[in-house]
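Report on the structure given below.
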Amino acid sequence: MPDLSAQDCDDCLAGTFQQIRSCCDGQIEGKIGGRIVRGSCYLRFETYPFYRVTAATLAQLPLPPSPEAPPAAAAASGTSLLKFATGNQTAGIITIFGLVQCMPDLSAQDCDDCLAGTFQQIRSCCDGQIEGKIGGRIVRGSCYLRFETYPFYRVTAATLAQLPLPPSPEAPPATENGNTTRKVVIIIVSILIFMAVVVITSIFLYCRRPKQEVKNFNENGGQECVQFRFASIRVATHNFSDDNKLGQGGFGAVYKGLLQDGQAIAVKRLARNSAQGEVEFKNEVLLVARLQHRNLVRLHGFCFEGTEKLLVYEFVPNSSLDQFLFDPSKRSLIDWEIRYQIIVGIARGVLYLHQDSQLRVIHRDLKASNILLDDQMNAKISDFGMAKLFQMDQTQDATSRIVGTL
């Protein structure tokens, strides 16, 4: 009913749904329609569209036929959203309170015709024994009538007429509503544009970010070696900052770097005028990638873009052996026990290169500056740019140039 609050209407309709499930001893399946009438709400369901259905149309459908009344004219003349009227009349000591309502989609004439049918149905119901009844309800396809001897509605039609009803769909929107709608549209469009800019910017930055790994490099069945982009190495070393510089060798400088995943690395950047050319560079990559031993420095990957040639090794925190042997302030830090450990580590690495690995490798540039020391002072042989690969049964070789350090 229009006089109900939103909460009361929800509660009443919830009761009708429960009543549908429990009606007919649970035999609701197979039914083609039904109506539930409670004190303040009404539910109807059919297998055909019954909106805008007139009494004449209902008479043509195969359905059973479903006091002066309250002011039906007031209900019939209601708006397209509300056709509702209440009233009362006193006869002697009894006051009859009545309520009529039509479906909002009915025209005024159709509402009048439907309510007229309810009045006729009141006179003919109960075999004409309407006298003495204290109340009743008539529910038809498109209208509803209820009368009682007590006031069962909360507001009158006059009260409802004073409520601010929403405008009908045909009515043009007010200027204030138009302004509000315009503001809402502007806000929504602004938010969508902002989100689009954020998404496009994020995608652009994601595509522009330096990628660490682009492809794997492998040759002759060796283990795969990661090729890095020069941009990612430059970011990891802070653009090859002097603060990250670990040392300077004959072929170039060595820098400390930090990858995006937090892994520390040592980057050997070959000088552009270095004697180690492309052949030596590729040789070192292939050899170190295929050699795996605890006393050999581990190669994480390489970079070869344009004139830039870089080798990415594991980072060893204690630098090289020559830093301890030839620096008087550090020489005392390595006693004979540590020196013996370093010597054994170098010997094991050389034995692996000459005998135990799947390849026979001659380093040809073994010196203190090419022996790196980890945090436990374990020796790791590095710098294989001058190394030469022998056959497994080969014991000697002839060379056309002198290599190594004099």
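The values are calculated or read from the model by the stated rules, or taken from the named source; none is laboratory data. Since the structure is predicted, the reported quantities are computational estimates derived from the model, not experimental observations. When we count neighbours, we look across all protein chains shown, and the Cβ atoms used for this are built from the backbone with ideal geometry, even at glycine.
Just one of the listed residues (SER241, SER319) is modelled with pLDDT of 90 or more and among the hydroxyl-bearing types (Ser, Thr, Tyr), and it is SER241. For the stretch 350-386, the tally of residues that are among the β-branched types (Val, Ile, Thr), over 52 Å from the mean Cα position of the chain (by Cα) and at pLDDT 90 or above stands at 1. Scanning the stretch 387-406 for residues being at pLDDT 75 or above, over 60 Å from the mean Cα position of the chain (by Cα) and closer than 18 Å to PHE281 by Cα gives a total of 0. Regarding the stretch 212-231, can at least one residue be identified that is modelled with pLDDT of 50 or more, of a type in the set (Lys, Arg) and assigned by TED's automatic domain parsing to the domain that holds GLN358? Within the stretch 212-231, one or more residues are modelled with pLDDT of 50 or more, of a type in the set (Lys, Arg) and assigned by TED's automatic domain parsing to the domain that holds GLN358. Here VAL267 clears all of (1) modelled with pLDDT of 90 or more; (2) over 14 Å from PHE304 (Cβ atoms); (3) in contact with a Cys (Cβ under 9 Å, 6 or more places away or on another chain) except the condition numbered (2). Regarding HIS293, is this residue buried (at least 16 other Cβ atoms within 10 Å of the Cβ) and in contact with a Phe, Trp or Tyr (Cβ under 6 Å, 6 or more places away or on another chain)? Answer is yes for this residue. TYR255 satisfies every condition listed in (1) part of a loop (DSSP other than H, G, I, E, B); (2) at pLDDT 90 or above except (1).
For the stretch 197-211, the count of residues that are at pLDDT below 55, closer than 30 Å to GLU305 by Cα and not aromatic (Phe, Trp, Tyr) is nonzero. Please determine whether any residue of the stretch 107-123 is modelled with pLDDT of 60 or more, under 52 Å from the mean Cα position of the chain (by Cα) and not in a helix (DSSP H, G or I). Yes. Filtering the stretch 97-111 to residues that are farther than 18 Å from LEU43 by Cβ and of a type outside the set (A, V, I, L, M) leaves PHE97, GLY98, SER107, GLN109, ASP110, CYS111. Out of the residues in the stretch 77-102 meeting the condition of being crowded, with 19+ Cβ neighbours inside 10 Å and assigned to a loop (DSSP other than H, G, I, E, B), tell me which one is modelled with the highest pLDDT. Only one residue fits best here, namely LYS83.
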